[in-house]
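All of the numbers you see were taken from the coordinates with simple rules; none came from a lab. Since this is a predicted model, take the numbers as computed values, not measurements. Note that we place each Cβ from the backbone using ideal geometry, even for glycine, and neighbour counts take in every protein chain shown.
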Amino acid sequence: MKRLVSLIVVCILIPLFIQQALSQESKVFSVKQLYGSNEFAGKTLSGVKWIEGGKKFSYQESDAATRVTNIWTYNVADGKREMIVDAKSLVLNAGDPPFRFTTYQWSPDERQILFVSAPPERQYLSRLTPAGNLFLYELSTKAFRRLTNTDVPQYNQKFSPDGKKLGFVRSNNIYILDLSTGQETQLTSDGMEHIINGRFDWVYEEELGISDGWQWSPDGKMIAYWQLDENRVPEFHLMDFMTMRADVTTMRYPKAGDPNSTVKIGVLNVETKKTVWMDLGTNDDIYIARIHWTNKPNMLAMQRLNRAQNKIELLMGDITTGKTNVMFTDEEKTWIEVQDDFKFLKGSEQFLWSSEKDGFRHLYLYDVNGKLVRQLTKGAWDVDGITRVDEKNKLIYFTAYEKTPLERHFYSIRFDGKDMKRITPGDYTYGANLAPDNKNFIATYSNVNTPPKIALYTTGGKQVRMIEENNVNALKEYKMGMREFFKFKTTDGIDLNGSMIKPVDFNLQKKYPVLIYVYGGPGSQTVSNSWGGTRYLWHQLLAQKGYVVVSVDGRGTGQRGKAFKSITYKNLGKWEVNDQIEAAKYLGAQSYVDKTRIGIWGWSYGGYMASLTILQGADYFKTAVAVAPVTSWKFYDSIYTERYMLRPQDNEEGYKESASITHAAKLKGNLLVVHGTTDDNVHWQNSVQFIDALQKADKHFQTMFYANKNHGIRGGNTSTNLFEMITDYILEKL
């Protein structure tokens, strides 16, 4: 039977300035411009914090002339901006240089601002940037004072609910500081190198999406916190090859199947310094993915996740005794997604939860006995997450992909599941920062051909005014190819979404080489109606040089429901690679594509995909560039890997078949492997062992390693060097 292929092309409306650029001779991009300058960077709002109940918000803005950061406010009523903290005034002694800070926080009464200085010049193996020292600024008097004076990294600093104390983590212990007296008190004393109180080990920070390991109780009398013991976690060593003796840094990193840190949840009495430990059960091979103070003074809720990550239980714990009981359980046949949509409703015995149990992520209302009251959202689309619960008006604000899997929009729905409204207009992807009074929100939105714009909207959907237009005038002078969305059907009948950038002077009578950009990890998305930033402009650079640049979201990616995503369970790489090969077959059948010149590139999971695809799809791909690739899942961390693959001892064949190393002998085309030698995420070990397998198979390829660079491979001129090298490789080999 003749293969049927359907193509639906959705042309995105091109902004006027791009249409003008197409009609005249224009400049072309260079890698140095894209990665070595800010020429094409638009304005953003950084460090946004709502104040005065939603009447104003504050934000950080860097002064290009003085190279310091100041604090400004924006008045919602009239759009007036005012500098409220001039960094030049943040000095302890006359003649001091301008103060440089990384973050700031308002006190609860909004009379003071906590500033965190840049951390000491040291490298910490943590997903978090540690705080330097802490400083307090009084707005009325403009008094500026130091709170801490140490070169030891500090984490997770925050005001108590009454604003009289400040809590933080230092040396893996929890401290509080009395702001009126300056008295510092150490609340825990059992923290040490591998016993961590109030913050997280490597994998909790990286893979469970949480960074702050402690919480004040609503009355400020108690602190609930995680304690992780990583003593049983195996060590991993990173080497600094730029020193004479190749200095070694040791970290605790559980690879798939390794023992994880043991976890405890403690509730600490601030006055007595005594901790009550919550009963988490007899099995210590678990995760506590979230904790929540409830509406009841003595009750703490905890989300207990099993090692296989297919069952999550909501524990309710009595903080006076530590006794717990299971209030609610959610399970999946594959894996369950940890979410932040658990919300107790005030004045009721009900809570909100999101689940994929009907095949798509939706919102549900349960009572405290775990009984379903009602499903609130329904349909063949995914909820992204709850933004705010408006108890007064009985509304839930949330983001979702209801309109199309390619766009995230902002919505509201009533507690009874009725009157769902899409608040945000147009064909864009939105982020929404909702004011505390639920009247207005800051919308950051873009589409494939429009850099991010920032506007103030009412929750009724009316735009109040533009905050940052972000036209990025420099782009007017450059050739830009039109980016299109398309769909095609695989040979087994599955519709896949794709996007394509064609050369500016595209001629249907010519044949063009194709470069596919891939990520492909579970729940991810590269095909979306949103601005792609510098990487997108680099793809435009390649289009200027005559390449068609394509992305295809294959099976396993997000916003298409649970079944589409979960087909990869226990077989990472199988269906993802299959669908990139399907994309190559489809593209090769188009009259304007040179099917002998199809390449693929990606970074991290995309690097894994690029390396495995050129091996498994050797007959369809000429060239691949794999940056920081996982090459065997046995080398990657426990939480991420086991979520999709189980442990190696439970899925031996799946681990073997999914490894690029296993298939090294299949290489026919051109392959470039790039890695940073001190990558603490995807270890350089992945590329070294992959290269060893290629050499043993007598295969020829190229490599590039960056000394002492981590997973991002950046710093100095590194990004420019990297992308110039990749560009040259593509021009030569594709």
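The relative contact order of the range 527-649, computed from alpha carbon pairs under 8 Å that lie at least 6 residues apart in sequence, is 19 percent.
Farthest towards the positive end of the charge dipole of the chain, among the residues Ser107, Ala664, Asn473, is the Cα of Asn473, using unit charges on the Cβ of Lys, Arg, Asp and Glu. Bridges between two residues of the chain, per DSSP, are antiparallel at a rate of about 85%. For the range 129-194, the spread of Cα positions along the three principal axes, ordered from largest to smallest, is 43, 23, 17 Å. Charging the Cβ of each Asp and Glu at -1 and of each Lys and Arg at +1, and nothing else, the dipole of the range 562-616 about its Cα centre rounds to 180 debye.
Charging the Cβ of each Asp and Glu at -1 and of each Lys and Arg at +1, and nothing else, the dipole of the range 304-446 about its Cα centre rounds to 220 debye. Summing charges over neighbours of Pro218, with a neighbour being any other residue whose Cβ is under 14 Å away from its Cβ, gives +2 when K and R count +1 and D and E count -1.
When the helices of the chain are scored as -39500 (n - 2.57) per DSSP H run of n ≥ 4 and the total is divided over every residue, the value at 222 nm lands at -4000 deg cm²/dmol. Dipole size of the chain about its Cα centre, with +1 on Lys/Arg Cβ and -1 on Asp/Glu Cβ: approximately 1700 debye, rounded to the nearest 20.
Applying the Karplus relation 6.51 cos²θ - 1.76 cosθ + 1.60 with θ = phi - 60° to the range 481-490 yields 3J(HN,Hα) values of x, 6, 9, 10, 9, 8, 10, 9, 9, 6 Hz, where x marks Gly and Pro.
Between Asp416 and Thr102, the distance separating the two model label sites (each 7 Å from Cα on the Cα→Cβ line) works out to 5.0 nm. Label-to-label distance for Thr66 and Asp285 is 5.8 nm, based on points extended 7 Å past Cα in the beta-carbon direction.
By the count of other C-beta atoms within 10 Å, a proxy for reagent exposure, His409, His700, His683 are ordered fewest to most as His700, His409, His683.
Counting neighbouring beta carbons within 10 Å and listing from fewest to most, the residues Tyr547, Tyr592, Tyr74 come out as Tyr592, Tyr74, Tyr547.
Each principal axis of the Cα cloud of the chain was taken in turn, and the coordinate range along them, longest first, works out to 76, 65, 59 Å. The calculated FRET efficiency for the pair Lys346 and Thr181, based on their C-beta separation and a Förster distance of 30 Å, comes to about 0.30. Phi angles across the range 652-669 convert, under the Karplus curve 6.51 cos²θ - 1.76 cosθ + 1.60 with θ = phi - 60°, into 3J(HN,Hα) values of 4, 5, x, 5, 5, 5, 7, 8, 4, 4, 4, 9, 4, 5, 8, 5, 10, x Hz, Gly and Pro given as x. For the listed peptides 510-522, 286-298, a ranking on the average number of other beta carbons within 10 Å per residue, highest first, reads 510-522, 286-298. Neighbours of Val548 by Cβ distance under 13 Å: Lys/Arg scored +1, Asp/Glu scored -1, total +4.
As a calculated quantity, the FRET efficiency between Ala380 and Asp162 at R0 = 56 Å, using C-beta atoms, amounts to about 0.75.
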